1. What number of residues within segment 13-28 satisfy the criterion of being among the polar types (S, T, N, Q) and either under 11 Å from the mean Cα position of the chain (by Cα) or at pLDDT 95 or above (or both)?
2. In segment 31-41, what residues are touching a strand residue (DSSP E or B) at 6+ places or on another chain (Cβ under 7 Å) and of a type outside the set (G, A, S)?
Amino acid sequence: MLGRRAPQGSEELALLSDAVVLSCAHRGTRLELAMSDDALTGFLAWLEAAPPGQRVNVA
């Protein structure tokens, strides 16, 4: 995970009011994921639970 931000522009119309947009990178490819605060908590817990040696960067 590289960062998070509030939805902007047309994203505000397409997403639920409590959505947050995450900036991520995987093998050099950047992507964005939108989810609720509750889903974000679960997603971050899942990332932090990665086995040792998986080189997961949780910022």
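The values are calculated or read from the model by the stated rules, or taken from the named source; none is laboratory data. All values derive from a computational prediction rather than experimental measurement. Neighbour counts are summed over all protein chains in view; Cβ atoms, including those assigned to glycine, are modelled from backbone coordinates with ideal geometry.
1. Residues flagged as among the polar types (S, T, N, Q) and either under 11 Å from the mean Cα position of the chain (by Cα) or at pLDDT 95 or above (or both) within segment 13-28 amount to 1.
2. L31, E32, L33, M35, D37, L40, listed by residue number.
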